[in-house]
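One structure is given here, and the rest of the page talks about it.
Each value in this text was obtained by applying a stated rule to the coordinates, not by laboratory testing. Predicted model only: the values in this text are computed from it and were never measured. A quick note on method: Cβ atoms are made from the backbone with ideal geometry, for glycine too, and the neighbour counts reach across all protein chains shown.
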Amino acid sequence: MTLARGDAAAGTGRVQAGIAVKWTRPPVGWSKLNSDGAIDNRNGIASCGGLVRDDGGSWLIGFSKRIGICSILEAELWGIYEGLIAAWSIGTRYLLVESDCLEAINLINDRSTSEGTVSMIYSISEVLTRSWCVRFSHIGRDGNHAADWMAKRALSDDLLCHRFLSPPDDVSRLLQQDAAVC
């Protein structure tokens, strides 16, 4: 399912069906955010992470955030929110957002909530009112490895949120794998 919000040209949005199995480049002039959430089963600490790439597949910005105790759905929503903030901060105005959490995409699409998600859905909705075009889609886990790595990185980090202007060495291999299949 794909959701478009805040079309910069027309101020409209539209919904499309579909699921991506692997990472693909966004259309020319667009950027793509891949986000993910993670939970350490040993202590219940949650984190999120993700990255924004341009239409050539090059890294623009990444992030990792240690959240604390919450559900995996909340961690996935945090990842989308933090990714939107990071993308906006670097001037992105046409953005495709991919998440491997269909439930999070559906909640954003329907502007509905489930237990524990009210504040995150509200925060995401507020960011989407800015003057930009954002489309959401579901991607299979096999297409979201780099975002998964960024989310899990924060589980061992004491920093609340860290932004990366260049890719960490360990995630560079995943980016090269993505580029090979585009």
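Working ranking of peptides 61-68, 79-86 by packing, defined as the average number of other Cβ atoms within 10 Å per residue, highest first, is 79-86, 61-68. Put a dot 7 Å past the Cα of Arg163, heading toward its Cβ, do the same for Ser123, and the two dots end up 1.5 nm apart. Whole-Hz Karplus values for the stretch 102-111 come out as 4, 4, 5, 4, 5, 4, 5, 4, 7, 6 Hz, taken residue by residue from phi with 6.51 cos²θ - 1.76 cosθ + 1.60 and θ = phi - 60°; glycine and proline positions read x. Hey, rough spin-label estimate for Gln177 and Thr24, points 7 angstrom out along Cα→Cβ, what's it come to in nanometres? Output for this residue pair reads 2.0 nm. Taking other C-beta atoms within 10 angstrom as a stand-in for reagent exposure, His162, His145 fall in the order His162, His145, fewest first. Summarising the amide proton neighbourhood of Leu60: residues at separation of 5 or more, or on other chains, whose placed amide H is nearer than 5 Å comprise Val52, Arg53, Asp54. Listed by chain and number, the aspartates and glutamates placed with their C-alpha closer than 12 angstrom to that of Lys32 are Asp54, Asp55, Glu98; residues fewer than eight positions away on the same chain are left out. Amide H neighbours of Thr24 under 5 Å, at least 5 residues apart or on other chains, H built in the peptide plane: list them. Amide H neighbours of Thr24, under 5 Å, 5+ apart: none. Less than 5 angstrom separates the built amide H of Ile45 from those of Asp40, all sequence-distant by 5 or more or on a different chain.
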